[in-house]
Every structure is written in structure tokens, then in C-alpha cells.
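One structure is given here, and the rest of the page talks about it.
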Amino acid sequence: MDRETSPIDVLIVGAGISGISMAAHLKMMCPTLSFTMVERRDAIGGTWDLFRYPGVRSDSDMHTLGFRFEPWIHKKAIADAGAIREYLHRIVTERGIDKHIRFGTKVISANWRSDEAMWHVVAAKGDMRFEIFARFLYLASGYYDYDDPHDAKLPGLKKFKGEVIHPQFWPANVNYAGKRVVVIGSGATAVTIVPAMTDKAKHVTMLQRTATWMAAGPSEDSLANRLRKWLPGPLAYWITRQKNIRLRHLFFTKSREEPNKVADYLSNLLEKELGEHYSADYQPPYAPWDQRLCLVPDSDFFAAVKAGTASIKTGEIDTFEKDGIKLKSGEKLPADIVITATGLRLALGGKIAVSLDGEPVDWSQRWFYRGCMFSNVPNLAIVFGYLNASWTLRADNNSEYVCRVLNRMADKRADVVMPYLADDHGMEEADIIVFSSGYLQRAKSLMPKSAASLPWRLNQNYLEDTRDFRKRPVDDGVLRFSKRSAKAAA
């Protein structure tokens, strides 16, 4: 195995939104530090480069999914993946981040050496393995498994003679013209794919076990587009961003405080939207925001249902047949193509085997600190974005905070920084997953611990987190800075 002799200050794993945010903040806030970004794929973008299914788009507005430091200037606020990739490529190129990226490089393991105050990171490029030395490790590899999506274990699937596609591995040049398509699932992916395929398919059916709360909304933000005509771009962006953050936070809070009222409100909107096409198939058995609310931009999904090119069917699969799906009700759904939009499998830290002096780290036994670091784990941070708001909001907060930590390390001439938690801390564990979504519940056993209050909590409140980052000093009595001992240095 080759070893790279020159240590780097920060190693960023992942060149998606989280990694690009960290690289940009390092450029702005820590210009003297060296950094390298490694990306297992051959392009930047993460999710927005991986997913290639029809209609793939953001399910958050780009004024909050966009970075704090780089205004979104396109007319559409709900953007397709191509526009998002263009936005990311422009940032990476204009800020010189592209010069720091190593593509096709997969990180396999990372071992912290206390005697060196250094991460020994094993990476692979093709058949070659090599070791990278880094003083700080920033895991920006997303939150789901790129290799293995959730297997819903659909009964009798092998009997089906048509084409089966998972959205995470969408093949190029899928021919669905004139074919009967069944999309299994009811989340954002399914709601996106269904209307996008009605242009050529004979008919598209969304088969759901339970309904999802949906709400129509415009793909363009009229206020943002007007403000850009009157105000400087950054100011227009900031106003729109603050408006959207607060409206989303208000709606989420109302959903938790008055779920019945919000459910009635959403149901009434759906009935008005669909008219005679509205049915019990659109009524979820859970309260709004117990799972992520599904946005329907420009009512495209509802328009397809009303046009008769798409439909919803609620039921459980009994078995597959060679030309379709038989439901437990006895009904059969004919199909030429089945799309299994059955969900993701969560993976923390890109499935990297992390160890401290050779001892494997069990994340489920660590506590989240300030939403990005872990109890008694030195010189490491991670991004696990908000589940009730745009992912980028946490990515930007974390990046700025970690840069402040790195600068404080420089001020103190410290080699090590670590959130310290004593064995007898006495904290009670709170539920880290406050949503009932299947992919989140399945991953509970993998997740670190979370307390009821900050700073030892993975919070789902961006506004509260932002205030906390602003008011709580880096030197808060929990975060400990230390130097490598003279003996170890020798």
C-alpha cells in the first residue's frame, strides 16, 4: 500500500453539497489550511449526480437548499437536477475548489493515532490502495447507502417477466413508451416519477401501502423573482431565504402543535385540487409531518391523475405475476415495468470503518455534539442534515462552526480538539428520530445518542441551532483543546 508522506490539515470525504460547503468555508475562513476532497464517484454533486430517474428535482426550495454564501439566481425555485449540478459546478470552479478534488477515490477506513494526533486514512482508487494522513477528518458523504437501497422483499418478484428498476440505479435509455408502469412507493421519489413518465407511458400507477401527505405549490418563487429586479442579488436572496426558512418552520411547528387542524387544512386543499378524483387513497393514517411532507410542484402529479394518465392504488402486494401485480384484495395491476421506489437504507459516515488507536468506533455508543461532532472522538466532524428542512442549512452551519473550531485550534496551537463527556455524565437519552418514516425507523440502531437539549442533541430546529452557534462560544467548557505530548511527538 502506498503512503502519501505529506499530511494535510483537513480531509473532506464527499463532493456533494456538504463537502462543497466545507471546502468553500475553508477557503473563506481558513485560507492557510491545506485540504483535499475525495469523492468515490467521477463527478461532484452527490445525490444530484447519482439519481437520474425521470423528473428528478429538489423537494426543497433552492433559496434554502442553495448555499448561504452563493445566491440562487434561476427563475425556478424547485429546480431539476441539471440546474442544481450547474449551480454546484459553477461554485466549485469559480472558487478553485475543483483543484482540491480527487475523483474515483473511495475511503475504506480511518484510524486516529493519538501518538501522532493524526488520522491514517486508507483509500482505494481502482485496484490500488493508499494511505492519506490528515489532521482533521470531515465526513460529508451523505446519510444513505449508495450501494444498497432498502430491499422491501416484494413477494414473488422473480415471477415478473417485465423490467424492474430501482430509482437509485436508473439505467440509461429506458424505453417506457406505450408501456404500463407501476411505481411502488408513495414518497417524494414516486410523486416525482409518476407525472414525469406520463408523457410516453400508456399509463402510470402509483401503488402505495399507505398514503403520504401532499401539498401543491408553485415551482417559481414570485417574491424572489420580483426582488431580484429591485434589489442587489445577495440581499434579494437573503430576504427570500429568511422568508422560506420561517414559513417552513412555522408550518412544521403548527403540524406538531395542532395536527388535526393541519390535517383538515391539507385534506381540504387536496379535495379542491382533485375534485371528483379525490378519494380515501389520499388520506394518510398519520399526522402531517410525522413523515416528510411531499411537495407537488405546479400540481403536476394531480394534473396527471385528473388527465387519466396516472392513478393511485392503495393496497398490499400478495404476489407478482408474470405480467403484473396481484394485490391482497384480489385486484390485479397489469405492468410492463415496475419501479421500486421503496426507500433508502441509511449509512452513517459513508460506511467508513472508523477507529481510535485501532479500537473500532461504535457510533451508537457516542453522543452527538452540536449536531456535527461526537463524544470523545477527536478531530472529526460529520454532516447529517435536517429532516424537516433543507439539508444545506445544517451543512452550512456545521461548516462555519468547524472552521471556527479549526481557527481556535490554531490560536491555542492545539493538535487535538474533542467534545469531552465523562462516563458518569448522567444525561438521559432522547429520541433521535422524531419521524415515523420507515427508512429512519429502520436505522435507529445505527444512530448516535442524542440528549433532550443542546449541545448534546441532534436538533431539528434550524433557527434554534443558528442562535446557539452564534451565542455559545467555541470554548464552551465541553470542547477540549490539547497538544500532543512531547514524548509522543518525539
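Need one number: % antiparallel among DSSP beta bridges in the chain, to the nearest 5. Here the share of antiparallel DSSP bridges comes out near 45 percent. Counting only lysines at least 8 places from residue 483 when in the same chain, those with an alpha carbon closer than 29 Å to its own are 27, 412, 449, 471.
For the chain, the mean residue ellipticity at 222 nm estimated from helices alone is -9000 deg cm²/dmol, where every DSSP H run of n ≥ 4 contributes -39500 (n - 2.57) and the total is divided by all residues, rounded to the nearest 500. Relative contact order of region 1-145: 37 percent, from C-alpha pairs under 8 Å at least 6 residues apart in sequence.
Considering only DSSP states other than H, G, I, E and B, which trypsin sites (Lys or Arg not before Pro) in region 299-369 qualify as loop sites with at most 15 other Cβ atoms within 10 Å? Those that pass, being in a loop and sparsely packed, are 322, 328. Shape verdict for region 264-419, please, from the Cα gyration tensor: rounded (a/c under 1.5), prolate (a/b greater than b/c) or oblate. Since a/c reaches 1.5 and a/b is larger than b/c, the shape of region 264-419 is classed as prolate. The share of alpha-carbon pairs in the chain lying farther apart than 34 Å comes to 39%. Solvent-accessible area per residue in region 382-426 equals 36 Å², computed with a 1.4 angstrom probe and all protein chains kept.
Entry comment: accessible area of region 159-253 is 48 Å² per residue, from protein heavy atoms only and a probe of 1.4 Å.
Each principal axis of region 1-69 carries a Cα extent, and these read 45, 32, 11 Å when sorted largest first. Surface composition of region 311-368: carbon plus sulfur atoms hold 45% of the accessible area, using a 1.4 angstrom probe and ignoring ligands, DNA and RNA.
If a/c stays under 1.5 just call it rounded; otherwise compare a/b with b/c (prolate if a/b is bigger, oblate if not). Do that for region 165-258, with a ≥ b ≥ c from the square roots of the Cα gyration tensor eigenvalues. Judged from the Cα gyration tensor, region 165-258 comes out oblate (a/c at least 1.5, b/c at or above a/b). Out of the total accessible area of region 35-174 (probe 1.4 Å, heavy atoms of protein only), what percent is carbon and sulfur? It is 51 percent, rounded to a whole number. Between residue 453 and residue 483, the C-beta separation translates, for a Förster distance of 25 Å, into a calculated FRET efficiency of about 0.20. Annotation for residue 357 and residue 173: the two label points, set 7 Å from Cα along the Cα-Cβ direction, are 5.7 nm apart. Placing unit charges on the Cβ atoms of the charged side chains and taking the dipole of the chain about its Cα centre, the candidate lying farthest along the positive direction among 211, 369, 30 is 30.
Between the listed residues 227, 262, 138, the Cα displaced farthest toward the positive end of the dipole of region 136-271, a dipole computed from Cβ unit charges relative to the Cα centre, is found at 227. On region 185-264, 58 percent of the accessible area sits on carbon and sulfur atoms, based on a 1.4 Å probe. Okay, which of region 317-341 sit inside 15 Å, backbone N to the point 7 Å along the Cα-Cβ direction of residue 442? Counting only backbone N, you get 340-341. For region 33-80, the solvent-accessible area with a 1.4 angstrom probe is 35 square angstrom per residue. Here region 243-371 is treated with +1 on each Lys and Arg Cβ and -1 on each Asp and Glu Cβ, and its dipole about the Cα centre works out to around 500 debye.
For trypsin sites (Lys or Arg not before Pro), the sites in region 382-490 that DSSP calls loop and that have at most 12 other Cβ atoms within 10 Å are 413.
The values are calculated or read from the model by the stated rules, or taken from the named source; none is laboratory data. Every value quoted in this text rests on a predicted model; they were computed, and no experiment measured them. Backbone-built Cβ (ideal geometry, glycine too); neighbour counts: all protein chains shown. Accessible surface is based on the protein model in full, side chains and every heavy atom, while ligands, DNA and RNA are left aside. Shrake-Rupley method; radii C 1.70, N 1.55, O 1.52, S 1.80 Å.
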